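The values are calculated or read from the model by the stated rules, or taken from the named source; none is laboratory data. Predicted model only: the values in this text are computed from it and were never measured. All Cβ positions, even for glycine, are placed from backbone atoms using ideal geometry, and neighbour counts span all protein chains on display.
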Amino acid sequence: MFSGSCKQQAPRPPVAEKIPHEITTHGHTRIDNYYWLRERDNPAVIEYLEAENEYTEAMLRHTGDLQEKLYDEIIGRIKQTDESVPYYENGYYYYTRYEEGQEFPIYCRKKGDLDAPEQVMLDVNEMAEGHSFFQVTGLRVSPDNRVLAYGVDTVGRRRYTLHFKDLETGEVMPDQISETNGYVAWSNDSRTFFYTTQNIITLRAENVYRHVLGDADGKSELVYFEDDETYRVFVFTTKSKEYIMIVSSSTLSTEYRYVKADDPGADFSVFHPRERDMRYSVDHHNDKFYIVTNWEAENFRLMETPTRFTGRENWRELVGHRDDVLLSGIEIFNDHLVLSERKNGLRQIYIYNWDDMSGHYLEFPEEAYTAAVSVNPDFDSDNLRYTYSSLTTPNSVFDYNMKTGEQVLLKQDEVLGDFDPDNYQARRLYATAGDGTKIPVSLVYRKGVERDGTNPLLLYAYGSYGSSTDPRFSSVRLSLIDRGFIYAIAHVRGGQEMGRYWYEEGKLLNKKNTFTDFNDCAQFLIEQNYTNENMLFAQGGSAGGLLIGAVINMRPDLYRGVIAAVPFVDVVTTMLDDSIPLTTSEYDEWGNPNDEDYYHYILSYSPYDQVERQEYPAMLVTAGLHDSQVQYWEPAKWVAKLREYKTCDNPLLLYTNMEAGHGGAAGRYRRYREIAMEYAFLIDLAGIE
């Protein structure tokens, strides 16, 4: 169902056949000529995707040497034989290491002492042999330290099969459980565990099961079914190892259930019944539960309650609501309480002493950075482990003594080659949106770059789900920056950089703020002489790909070229189809188009529906055939329609990874092939020799 061949000397793009398909909603009929591309098992669909891949390869063939050079540069900066900083838990030190030339991690532990013999729990390189895609997730060791549970995905659709390995004998046990999220929550008998399964069509995590390892019949017992299609469930063990928690979560609400980990056969109790617009999370220590909640607190506050009385009427406030600080999480120790916060758009770490609730912030040296609490499984420790990074500082792992204030750098990622952070400059600016809101913009560039309006600049954003884009280091990005690119992040509304209200102003009937913020940031960078319309590029992925699709429909003149990775662009049709993964659980993010007001609003920005007969910038669009989050047909349909409508000769390229899902290629190095292709596309457009 396509014409054209990219095998000719002068490549011509494939043209998807137009087969009209009517979609009627609220009395309005839309014609979707490329609806047929949803037919995953139709050979013509695969043929079309492969033809697009061949066309992309042909159009980028002249950059082949550059792609190889970029790939070699990128992996050349990576310390190939490397390992993580070990953390101590339940008598063992756990760490992950990589060996030179190998794609996958090796998961290890040592008993009692870092000088003890190494025990390899999993060598994923050996496990992945013979697979084009392979991913391991959710490693959980039983309380008696004997059994390792882990999930395996060999397709890329995030449908994991649970496996269990006896760490004393080295044998993989016969128990296998499919269609899970890859994680288990162990009870304290080291035999009983809980896990979630997904609906095989929608991939919604909806069931929680109890299973006893090694039972002769191998059967699992259903302990909870989430019947509200807007909620998903997961299960975990508290840091104290005293409770198993089932969490039902939607965009706006949560509900916890709990059972003692010493009594896994008991019935779960509801912590506090779900209420619309009320979110809460729970952790435990000694005789109290600790609750982070937005109940009467838009930016969240911290409460506590006795373990015997969990209803909200028993909650007592420990840390109150603050208009200028978002409380995003806690870490509990015997003598200290650690808060993870966002203030002025940046992450902060605040440490309380339990004795008198006095406290202090950790101080960080740069104006744009990210810091996060890391793995801290030991209540008794006085050391807080955290990570720090910035646009010029590689990821660093610290231990901070909360009693003495002593700080130790345990590891900073090594960047091989001639990297020197002093050669780079990071800045934090503020653009003004059309409604007067100040939008943070983080930039990094090589020192010596002049603000003369001639620089190539890549502007990135995400801006959905309250997910904040922090200014962190990337050695990969150096391949652009060292060639004169400025890299910028627009912290647009829809994330939570500036607090919960920042998210509320970029969702539902406020969603267009996300897109206009981005264009306003782009215009600001041009006005500040960092770049110009002929050297400005944009990039986003998934919901950030939706952003890219929307902004180029609104202001195609602002951008020389864009990269849209696995973009969510067919918004109306997807949100009307409740059989597609993520749809029902995201009505509170985008709106439910079965409601006519939301239908018209979503339609007004949906990139696929708003394609116009106009000039578009050069575009590279990527997809994953097995993507469970953004189905491959969304970018495929979008590109097909853009080919039909665009009125210019700027390149329009679609690359579909036929062996992967939403996250792209598996493995430590394979994904850099795709990044090298993307960077070559940008560098070529910028005219950089």
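Ile351 versus (1) under 21 Å from Pro86 (Cα atoms); (2) in contact with a His (Cβ under 9 Å, 6 or more places away or on another chain); (3) surrounded by 18 or more Cβ atoms within 10 Å (Cβ to Cβ): which is the lone unmet condition?
Here Ile351 meets the rest and fails (1).
Per-residue answers, yes or no, for (1) among the β-branched types (Val, Ile, Thr); (2) more than 30 Å from Glu83 (Cβ to Cβ); (3) crowded, with 20+ Cβ neighbours inside 10 Å; (4) without any contact (Cβ under 8 Å) to a residue 40 or more places away in the chain:
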residue: Glu596; (1), (2), (3), (4): no, yes, no, no
residue: Tyr599; (1), (2), (3), (4): no, yes, no, no
residue: Gln610; (1), (2), (3), (4): no, yes, no, no
residue: Arg613; (1), (2), (3), (4): no, yes, no, yes
residue: Val621; (1), (2), (3), (4): yes, yes, yes, no
residue: Ala636; (1), (2), (3), (4): no, yes, yes, no
residue: Tyr645; (1), (2), (3), (4): no, yes, no, yes
residue: Met658; (1), (2), (3), (4): no, yes, no, no
residue: Glu674; (1), (2), (3), (4): no, no, no, no
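Taking the range 477-497 only, how many residues are assigned to a loop (DSSP other than H, G, I, E, B) and either more than 19 Å from the chain's Cα centre (by Cα) or surrounded by fewer than 22 Cβ atoms within 10 Å (Cβ to Cβ) (or both)? Please lay out each step first, then the result.
Initially, the range 477-497 is screened for residues assigned to a loop (DSSP other than H, G, I, E, B), giving 477, 482-485, 491-492, 494, 496-497.
After this cut, where a residue has to be either more than 19 Å from the chain's Cα centre (by Cα) or surrounded by fewer than 22 Cβ atoms within 10 Å (Cβ to Cβ) (or both) as well, the list is 477, 482-485.
Result for the range 477-497: 5.
Taking the range 421-458 as the region of interest, how many residues are loosely packed, with under 13 Cβ neighbours inside 10 Å and either outside the structural domain of Asn510 (by TED's automatic domain parsing) or not basic (Lys, Arg) (or both)?
Qualifying residue count, the range 421-458: 7.
I'd like the residue in the range 193-219 that is crowded, with 18+ Cβ neighbours inside 10 Å and polar (S, T, N, Q) and, out of all such residues, is farthest from the chain's Cα centre (by Cα). Step through it out loud before you land on a result.
Within the range 193-219, the first condition is being crowded, with 18+ Cβ neighbours inside 10 Å, and the residues that meet it are 193-198, 202-213.
Imposing the further condition that a residue be polar (S, T, N, Q) reduces the set to 196-198, 202, 207.
Working: Thr196: 20, Thr197: 21, Gln198: 19, Thr202: 19, Asn207: 23 Å.
Selected residue: Asn207.
Inside the range 59-75, can you point out the residues that are aliphatic (A, V, I, L, M) and assigned to a helix (DSSP H, G or I)?
Of all residues in the range 59-75, those aliphatic (A, V, I, L, M) come to 59-60, 66, 70, 74-75.
Passing the criteria: Met59, Leu66, Leu70, Ile74, Ile75.
Find the residue count for the range 69-94, including only residues that are among the aromatic types (Phe, Trp, Tyr) and in the same structural domain as Arg673 (by TED's automatic domain parsing).
Qualifying residue count for the region: 1.
Does Asp166 satisfy the criteria of being out of contact with any helix residue (DSSP H, G or I) (no Cβ under 8 Å at 6 or more places or on another chain), surrounded by fewer than 18 Cβ atoms within 10 Å (Cβ to Cβ) and in the same structural domain as Asn286 (by TED's automatic domain parsing)? Spell out the reasoning first.
Details: out of contact with any helix residue (DSSP H, G or I) (no Cβ under 8 Å at 6 or more places or on another chain): yes; surrounded by fewer than 18 Cβ atoms within 10 Å (Cβ to Cβ): yes; in the same structural domain as Asn286 (by TED's automatic domain parsing): no.
Taking the combined requirement at face value, the residue does not satisfy it.
Of everything in the range 221-252, what is surrounded by fewer than 19 Cβ atoms within 10 Å (Cβ to Cβ) and of a type in the set (Gly, Ala, Ser)? Give them in sequence order.
Ser240
Results for (1) surrounded by 17 or more Cβ atoms within 10 Å (Cβ to Cβ); (2) within 22 Å of the chain's Cα centre (by Cα); (3) not small (Gly, Ala, Ser), shown as yes or no for each residue.
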residue: Trp315; (1), (2), (3): yes, no, yes
residue: Gly329; (1), (2), (3): no, yes, no
residue: Ile332; (1), (2), (3): yes, no, yes
residue: Arg342; (1), (2), (3): yes, yes, yes
residue: Ser358; (1), (2), (3): no, no, no
residue: Ala372; (1), (2), (3): no, yes, no
residue: Asp382; (1), (2), (3): no, no, yes
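If you go through the range 297-324, how many residues are more than 25 Å from Ser585 (Cβ to Cβ) and part of a loop (DSSP other than H, G, I, E, B)?
10
State whether the residues of the range 376-392 include one that is small (Gly, Ala, Ser) and free of Cβ contacts under 8 Å to residues at least 24 places away in the same chain. Quick ask: steps written out before the conclusion?
So in the range 376-392, the residues small (Gly, Ala, Ser) come out as 381, 389-390.
After this cut, where a residue has to be free of Cβ contacts under 8 Å to residues at least 24 places away in the same chain as well, the list is none.
Scanning the range 376-392 turns up no residue that is small (Gly, Ala, Ser) and free of Cβ contacts under 8 Å to residues at least 24 places away in the same chain.
Yes/no per residue for (1) in contact (Cβ under 8 Å) with a residue 60 or more places away in the chain; (2) hydrophobic (A, V, I, L, M, F, W, C); (3) under 19 Å from Asp262 (Cβ atoms):
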| site | (1), (2), (3) |
| --- | --- |
| Asn145 | no, no, yes |
| Tyr150 | no, no, no |
| Ser187 | yes, no, yes |
| Glu229 | yes, no, no |
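Please find, among Tyr386, Tyr361, Tyr350, Tyr290, the residue that is in the same structural domain as Thr251 (by TED's automatic domain parsing) and among the aromatic types (Phe, Trp, Tyr).
Values: Tyr386 fails: in the same structural domain as Thr251 (by TED's automatic domain parsing); Tyr361 fails: in the same structural domain as Thr251 (by TED's automatic domain parsing); Tyr350 fails: in the same structural domain as Thr251 (by TED's automatic domain parsing).
Selected residue: Tyr290, the only one of Tyr386, Tyr361, Tyr350, Tyr290 that is in the same structural domain as Thr251 (by TED's automatic domain parsing) and among the aromatic types (Phe, Trp, Tyr).
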